[in-house]
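S.K.: My structure is below; once you've seen it, I'll send some questions.
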Amino acid sequence: MRIVFGNWKYIFKNLWFVLPFALLPALFLTLSVDYTNIATYVKNLFAGNPRGEFVDLFRAWSIVRFDSVLGGVYSILAFVCVAFFSAFLLSLAEKHMRIGKRTLSGAFSRPGSMLLICFLTTLLYLALYEAWALVMAAVLYAAGALAGTAAGVYLLSALAFAVLVFALAYVISVFFLWLPCLQITGFRPYEAFRYSYQLMSGVRWKLILTFLLSLAVLFAVTAACALFLPEVFFRAVLYVFYAFLFLGFCIRMETVYFAADKIGREDLIRSYREL
């Protein structure tokens with residue numbers, strides 16, 4: 001249960017320290033989703049029309065906007081903010097878990113090395129997700145073209161969705177502990193990847209389960225908001241959701257790494273009080 005819910009326990013216990021780091025990433029992530037294409041696709045699904053054009057399907061699944069220059073700027077800012085603030089958030093959490101004392105100065109303890117690591121890792125996750133969105137759009141478009149009936153399109157789309165979401169969760173699990181391993185051990189990238197992959201073997205399926213739950217909630221919330229809410233309320237709900245999604249993803253890296261590598265967490269043990 002620590003693997004599944006340990007990060008949320010840490011977040012809510014230290015909410016006012018970690019929440020500020022999520023405000024700007026959540027804002028620009030929210031502005032980076034294409035409301036028009038998402039709403040059109042979801043409403044068509046519930047109206048009995050599951051088919052769509054490939055470009056529209058890709059824009060609905062992608063988190064990089066292509067509909068306008070401003071949308072592209074939002075996507076760039078989302079990437080920069082996620083990478084920038086995750087570096088400080090991870091530094092804060094790692095120092096807190098190591099020494100047991102919660103100080104904002106911990107966020108700025110290793111700015112240079114963490115910024116580079118987080119920018120490269122964020123780029124990796126973005127590339128993986130966009131490749132996944134491209135495949136998802138292609139498969140859904142092919143399902144619409146190949147199936148002769150709407151029922152057939154729904155069936156093929158549901159099967160493709162289930163398989164591809166599982167594939168996404170699995171791929172995330174492969175790289176998930178790489179960043180905290182680079183941060184904590186100081187290993188070179190390949191050595192850190194090998195070591196993090198070994199650590200993952202004991203927690204992989206629990207992590208995949210948490211990713212599947214998170215993705216299911218993300219897609220369900222996005223679809224429900226697009227179906228029932230106008231754009232301004234759609235983005236307001238997603239803003240809150242993305243803030244906690246960002247916190248949950250980053251803090252889970254630290255809590256899972258400490259558990260997998262069997263490192264004692266001083267924020268729980270608090271042995272410094274004995275000094």
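S.K.: Of the conditions (1) out of contact with any Phe, Trp or Tyr (no Cβ under 6 Å at 6 or more places or on another chain); (2) over 30 Å from LYS95 (Cα atoms), THR185 clears all except one; give me its number.
M.R.: Evaluating THR185 over (1) out of contact with any Phe, Trp or Tyr (no Cβ under 6 Å at 6 or more places or on another chain); (2) over 30 Å from LYS95 (Cα atoms) leaves (2) as the failure.
S.K.: Look at THR103 and say whether it is farther than 30 Å from ASN44 by Cα, open to solvent by 20 Å² or more (accessible area, probe 1.4 Å) and not acidic (Asp, Glu).
M.R.: yes
S.K.: Let me ask something else about it. When you scan region 83-100, how many residues do you find that are open to solvent by less than 30 Å² (accessible area, probe 1.4 Å) and either farther than 14 Å from PRO180 by Cα or of a type outside the set (S, T, N, Q) (or both)?
M.R.: Of the residues in that region, 11 qualify.
S.K.: While we're looking at this one, here's another question. Going by the conditions given, is THR210 over 17 Å from SER62 (Cα atoms) and among the hydroxyl-bearing types (Ser, Thr, Tyr)?
M.R.: yes
S.K.: Then there's this: Of the numbered conditions (1) open to solvent by 30 Å² or more (accessible area, probe 1.4 Å); (2) modelled with pLDDT under 95, ASN7 fails exactly one; give the number of that condition.
M.R.: Going through the list (1) open to solvent by 30 Å² or more (accessible area, probe 1.4 Å); (2) modelled with pLDDT under 95, ASN7 breaks only (1).
S.K.: If GLU254 satisfies all but one of (1) over 21 Å from the mean Cα position of the chain (by Cα); (2) surrounded by 13 or more Cβ atoms within 10 Å (Cβ to Cβ); (3) charged (D, E, K, R), what's the number of the condition it fails?
M.R.: (1)
S.K.: Read through the list (1) crowded, with 18+ Cβ neighbours inside 10 Å; (2) within 30 Å of TYR195 (Cα to Cα), then give the number of the only condition that VAL174 fails.
M.R.: In the conditions (1) crowded, with 18+ Cβ neighbours inside 10 Å; (2) within 30 Å of TYR195 (Cα to Cα), VAL174 misses (1) alone.
S.K.: For region 65-82, how many residues meet the condition of being under 30 Å from ALA145 (Cβ atoms) and either in contact with a Pro (Cβ under 6 Å, 6 or more places away or on another chain) or open to solvent by 40 Å² or more (accessible area, probe 1.4 Å) (or both)?
M.R.: 3
S.K.: Scan GLY152, GLY148 and give me the residue that is of a type in the set (Gly, Ala, Ser), in a helix (DSSP H, G or I) and either surrounded by fewer than 16 Cβ atoms within 10 Å (Cβ to Cβ) or on the phi > 0 side of the Ramachandran plot (or both).
M.R.: GLY152
S.K.: Another question, if that's okay. Against the condition farther than 24 Å from LEU23 by Cβ and touching a helix residue (DSSP H, G or I) at 6+ places or on another chain (Cβ under 7 Å), how does ALA260 come out, does it pass?
M.R.: yes
S.K.: Now for a separate question. With the requirement that a residue be open to solvent by 60 Å² or more (accessible area, probe 1.4 Å), closer than 18 Å to PHE46 by Cα and in a helix (DSSP H, G or I), what does region 221-246 give you?
M.R.: Listed by number, the list holds a single entry, PHE228.
The values are calculated or read from the model by the stated rules, or taken from the named source; none is laboratory data. Since the structure is predicted, the reported quantities are computational estimates derived from the model, not experimental observations. For neighbour counting, all protein chains shown are included, and Cβ atoms are generated from backbone atoms with ideal geometry for every residue, glycine included. These area figures cover heavy atoms from the full protein model, side chains too; ligands, DNA and RNA do not enter into them. Shrake-Rupley method; radii C 1.70, N 1.55, O 1.52, S 1.80 Å.
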